[in-house]
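The values are calculated or read from the model by the stated rules, or taken from the named source; none is laboratory data. From a predicted model like this one, the values you see are computed outputs, not experimental measurements. Note: ideal-geometry Cβ built from the backbone for every residue, glycine included; neighbour counts use all protein chains shown. Accessible surface is based on the protein model in full, side chains and every heavy atom, while ligands, DNA and RNA are left aside. Shrake-Rupley method; radii C 1.70, N 1.55, O 1.52, S 1.80 Å.
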Amino acid sequence: MKGEYWDAEMELLSREEIGALQFKRLRETLERCGRSPFYREWFASAGFDPARVRSMRDLGALPCMDKNTLRGDDPRRFLTVGLDEVVRMHSSSGTTGQATVIFHTAADIEAWAQLVARCMYMTGVRRSDVFQNMMGYGLFTGGLGFHYAAERIGAMVIPAGSGNSKRQIQLMREFHTTVVHVIPSYALYLLEVFAESGLDPRSDTDLRIAFIGAEPHTEGLRRRVEEGYGVRAYNSYGLSEMCGPGVAFECPEQRGMHVWEDSFYLEVLDPDTLEPVGEGEEGELVFTSLNREAMPLLRYRTRDLAFVYPDECPCGRAHRRISRIKGRSDDMFIVKGVNIFPMQVEKVLLGVLGVGSNYQIVLDTVKSMDEMRVLVEVSGELWHGEVKELNELRRRITDELRQEILVTPKVELVEPGSLPAGEGKAVRVLDKREHVKGVEDG
Amino acid sequence: MAKQVNVFAQNQPGRLERLTEVLLEEGINIRAITISGAEEYGVVKLLVDDPRKAFDALRREGFSAYLKEVIAVIMDDRPGGLHRVCRVLGDSGVNIEDAYGFVFQDRKTAILVVEVDRLPEAEDILRSRGLELLSDEELYSL
């Protein structure tokens, strides 16, 4: 029996103990990095000598990494182990050479499963639970990350995957699902499907816990999920570069997500100066993995903006808590749980049209679901006067966008000059969605 | 060969107003107009007295305009007039992609404007079968 904690030893570390463990694991991680061709060069070009690191602060001498650092090199060169030690790879969204690949050893997979198990157990998941995982399986870490963890706890897993709403409801009812993992906007959409089927999830299912993550959402949306389903809903934070879900998670207090600091070293930096922000101030989350074998990452910029709660959590865990993600320090946006950059859209348009064209991405909420529209100006040079040509153009843009961003947008052709001209995220991406509007804090 | 001005237009209130305003400012007279539409957008097809001028003005005002070559066939304004033209083209395997017609004020002749897939050849076929085509000048000076 585990009692109240999945991993009491780690969960109940004091601040001092966390600091000491972090430094020990940082030293091990740096030593490990010395076996990676990429890191040897990275250290040398920065004039960084890992042997001279005397405290966590000394890590600050190393430049931050980001997605471009990962894309800029063969992912195998990051490995600190031989390729035959690698048992799995995951990849973030994007295809055609833009994807970031993360390798895992068997120990990485196990450590990750243990972290997510810790999260789930913390909110009350036990062996008697039936866990329906409504996240996409595959390269995306959200599906498999929770799957393995729930099995470690001993709950029964229904690997439902995403989509197919009627079947999701049928599975919930037939197998008495008690816990779900779901993208928040899909959770709201599914409520409508319940209503259309004449069912009320509060009385017609055994649901009691929902994990909602993979896209930013408001406190208000969480409450709607909780009231609609009659469950407690918990926010989840992770990124595939660190492992996937399991980096930070809400405890039953539901006020901030505990970052598992035995496994990740968190810095909150000003995105412009890369200097630490003041206590409790908002900044970009920058993580160093402390417990990963295959592909440790040092000072990895997430581009996610949040703050750290300065006070102690009544739950007794000293691991610091981060707020909801307030926004991004780059122009990435998330649709249906998939990360998308405007550059990907631009690249597809250039490929199909042969010339640059003014465009705008409009995100909206339609029937509680994300809708992505791509408006493209059709200039006179692009076109030879035929309607069927326009229809064909729209079809091709839609197809190629779907392949590039893994989401099917609604492509609309518009007249030249009808879109705001210019550069920058504010113009290129117009986000009118309800669940990202004014992401306030709980 | 006769030219028609094709203009891409979103299916929104006020778009045709803006387009016709440009033509008014240039003093362009419209002989015929049709709109082929998809749901959210369409193509406005204009037969005007000065297609080049209309095209330039529309481009200058930011419209996606295209000068499209078409064939203008003279038909008798009586039963069977259109049928005759279509039969000639059909027999020769020429596909009509779009067409519209209008009647002269004299009520004796009608004009059929056709967009076809094999353009120069289609003209020859029509002429060889005794049909009369309007030249650019004739068409614009109607």
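Partner shielding of B:83-92 amounts to 0, given as the average count of beta-carbon atoms from other chains within 10 Å of each residue beta-carbon. Per residue of chain A, the DSSP helices (runs of n ≥ 4 H) give a summed -39500 (n - 2.57) that works out to -9500 deg cm²/dmol at 222 nm.
Accessible area per residue for region A:43-193, computed on protein heavy atoms with a 1.4 Å probe, is 40 Å².
Ignoring lysines fewer than eight residues from A:Lys67 along the same chain, the ones with Cα atoms less than 23 angstrom from its Cα are A:Lys326, A:Lys336, A:Lys347, A:Lys425. In summary, the helical segments of chain A meeting the span-like criteria, namely a full DSSP H run, a Cα extent along the axis of 20 angstrom or more and a mean Kyte-Doolittle hydropathy of at least -1.0, are A:15-33, A:106-122.
Once the partner protein chains are put back, region A:384-404 shows a loss of at least 10 square angstrom of accessible area, versus the chain by itself, at A:His384, A:Gly385, A:Glu386, A:Val387, A:Lys388, A:Leu390, A:Asn391, A:Arg394 (probe 1.4 Å, ligands and nucleic acids excluded). Across A:Arg35, A:Arg25, the residue with the most accessible area heads the list, and the full order at a 1.4 Å probe is A:Arg35, A:Arg25. Of interest is the spacing of the C-alpha centroids, which for region A:292-356 and region A:76-135 amounts to 17 Å. For chain B, the relative contact order is 26 percent, taking Cα pairs closer than 8 Å that sit 6 or more residues apart in sequence and dividing their mean separation by the residue count.
Buried surface for the B/A pair, taken as the accessible area of each chain alone minus that of the pair with a 1.4 Å probe, is close to 1700 Å² in total. At a probe radius of 1.4 angstrom, the accessible area of region B:70-140 per residue rounds to 54 square angstrom. Heavy-atom accessible surface of region B:2-68, averaged per residue, reaches 45 Å², computed with a 1.4 Å probe. Among the lysines of chain B, pairs that are 8 or more positions apart or on different chains and have alpha carbons within less than 18 Å of each other number 6. Anisotropy class assigned to chain A is oblate, per the alpha carbon gyration tensor with a/c at or over the 1.5 cut-off and a/b no larger than b/c. For the set A:Arg27, B:Arg78, A:Arg317, the ranking by accessible area, highest first and with no ligand, DNA or RNA atoms included, is B:Arg78, A:Arg27, A:Arg317 under a 1.4 Å probe. Region A:157-205 and region A:9-59 have Cα centres lying 44 Å from one another.
Once the partner protein chains are put back, region B:25-43 shows a loss of at least 30 square angstrom of accessible area, versus the chain by itself, at B:Glu40, B:Tyr41, B:Val43 (probe 1.4 Å, ligands and nucleic acids excluded).
Taking every residue in A:406-414 and counting other chain Cβ atoms within 10 Å of its Cβ, the average works out to 2. A:Ser418 contributes an accessible area of around 60 Å² to the protein surface, as traced by a 1.4 Å probe with all chains present.
How large, in percent, is the carbon and sulfur part of the accessible surface of region B:2-68 at a probe radius of 1.4 Å? Looking at region B:2-68 in its full context, I get 45 percent from C and S.
On the basis of the beta-carbon distance and an R0 of 35 Å, A:Ala8 and A:Glu346 show a calculated FRET efficiency of 0.10.
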